[in-house]
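Below is one structure; the comments refer to it alone.
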Amino acid sequence: MNIGYSIKRLNDVVRALLMQRKQNRLISGTRQDLQDYQQQNLSALVAYSVRNSPFYRELYGNIQSDKFLLTDLPVTNKSMMMDNFDQFVTDPRLKLTELQEHIRTLTTDEYYLGEYRVTATSGSSGLKGIFVSSRKEWSTALTAYLRCGSYMGLTPRLPKRRKISTIGADSPIHVSYRMAISSDIGLMKTQRLDATLGIEQQCAALNSFQPEFLSAYPSIASLLAREQLEGRLSINPQVISTFGEVCTGEMKRNIQEAWGIEPFNSYGMTEAGIVLGSDCSCHQGIHVFEDLFILEVVDQQNRPVPDGTPGHKLLITNLFNVTQPIIRYEISDLITLSPEPCPCGRPFRLVSRIDGRSDDIIYLDNQRGGKLPVHPVHFYTAMGTFQEIKLYQVIHGDNGLQIRIVVRESASGQEVAARLKQCLESSLKALGAQPPKIVVEIIDRFDRDPRLMGKMKLVTSLCGSSSLR
Ligand SMILES: [Zn+2]
């Protein structure tokens, strides 16, 4: 990378630091101030989109940019965006085929047309989403990333720089990796490990680096916690944060047992430019950064669900990206908003639960006929009662439920498998389902798929559910 790139990147980081100061003034205001700010930004975003995006101009028809409610706007989704990409974006120079080629040849943090960063969503199959941010938009996303760090007490320290280990995606097409390299201006000493590395290699690297701050997918942090408790890992991080996957109660307990600290959890997605929110030190849930995003938790028909009730999906509005407007865009995450404010006094609402995606709901035969939806949380709870299981995966296919487990060295795999099968059969019966055939397979380790950024999906349904609903 040349000097021109380094200066541009530094400017992007400095811009984010300046923006952060401005944001702090708003964050210390009231909830009403925040809502007024949201409406102002939403109106500007809609007006800009109608002027510059042929897709939105047609979609919004005669909606007047200063006289509408958010709920007046039609819902959008990934296929609408990707099928109409060249009309969806607001810069006519951005063409999907050329962006896909840019993504394919990306080696590090290159700018596209000298002013955009392009990232893609992960996925082993199906439609990939492509996302474009201008330099200013990237700086704004970076403020959310820095805010997470400040919630966790992660401020720069000199001359002895803080040591941070991150275990996650290892490719510049993924926003988390890209954000990390684009913001690394040497204020922290960083170690980045690929999530697809084996646990032994991760332990060896961490033992030698000795991080003060560890950030990892919760399934990895939980496995590392077991390694620490069993003596193969010996590190003493003061802060642990998890991201990218569902963090179950069992994973949290493992981390607490190993290091005596409560992990922070953040919530992010490529569609949001990276981070939507994070825990504060009260650990009451994830604060949604509502000065940057609007989140609507809704049912299958896009009607809002009451606070404290899990939604079927999420509609997200990104208030700062005008290059590729994301307005009431469907995400299939199963989210619950807390009815209570956080004791820390911040005006941002709390997400009290994230339970995976609505595509992970498993539809089983109902004892009274028809189909019964079984929420992934049912499996997290049942599996969490088995202390002997280090990691698991539940896959629902045409032949029933296949459960893959890694058990602790001290446990008898066969005995655990038999008890688990019995436990699941009786808990599914108690729910009112006709338990399908359950096969428990004992394995040594899970191989993580780089196409999924090395993430683990605990519960997966391979059966098309839409025809069953
Ligand atoms: Zn708080």
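Structural remarks
- Potential lengthening between Ser208 and Asn41 on full extension [0.36 nm per residue; Cα-Cα distance subtracted]: 55.4 nm
- The range 361-461: antiparallel DSSP beta bridges as a percent of all, rounded to 5: 60 percent
- By the count of other C-beta atoms within 10 Å, a proxy for reagent exposure, Leu69, Leu391 are ordered fewest to most as Leu69, Leu391.
- Sites matching GluC sites (Glu not before Pro) across the range 404-469 that sit in DSSP coil, with at most 10 neighbouring C-beta atoms within 10 Å: Glu409
- Residue (of Tyr37, Tyr60, Met81) at the positive-pole extreme of the range 24-171, dipole from beta-carbon charges: Tyr37
- Scalar couplings 3J(HN,Hα) for the range 32-37, obtained by applying the Karplus form with A = 6.51, B = -1.76, C = 1.60 to θ = phi - 60°, are 5, 4, 5, 5, 5, 5 Hz; x denotes Gly and Pro.
- Peptides 172-181, 25-34, 291-300 ordered by average Cβ neighbours within 10 Å, highest first: 172-181, 291-300, 25-34
- Test item: Cα-centred dipole of the range 386-462, Lys/Arg +1 and Asp/Glu -1 on Cβ, debye: 220 debye
- Sparse packing (at most 15 other Cβ atoms within 10 Å of the Cβ) combined with a DSSP loop state is found for the following trypsin sites (Lys or Arg not before Pro) in the range 64-122: Lys67, Arg93, Lys95.
- Antiparallel beta bridges, as assigned by DSSP with both residues in the chain, represent about 65 percent of the total such bridges.
- Whole-angstrom gap from the range 173-250 to the range 45-69, using each part's C-alpha centre: 43 Å
- Dipole of the range 361-461, positive end: most advanced residue of Leu391, Gly454, Gln422 [Cβ charges, Cα centre]: Gly454
- For the chain, size of Cβ-based charge dipole, Lys and Arg +1, Asp and Glu -1, in debye: 760 debye
- Separation between Cα centres of the range 315-337 and the range 389-418, rounded to whole Å: 36 Å
- Available extension along the chain between Asn366 and Arg404 is 11.2 nm, counting 0.36 nm per residue and deducting the alpha carbon span.
- Mean Cα-pair separation over length for the chain, i.e. relative contact order, pairs under 8 Å, 6 or more apart, %: 14 percent
- Extension gain from Gln64 to Gln100, taking 0.36 nm per residue of separation minus the Cα-Cα distance: 9.5 nm
- Near-label residues of the range 399-414 by backbone N, under 15 Å of a point 7 Å along Cα→Cβ of Lys437: 399-403
Just so you know, all these numbers are worked out from the coordinates, no wet-lab data involved. Only a predicted model underlies this, so the values are computations on that prediction, with no experimental measurement involved. Note that we place each Cβ from the backbone using ideal geometry, even for glycine, and neighbour counts take in every protein chain shown.
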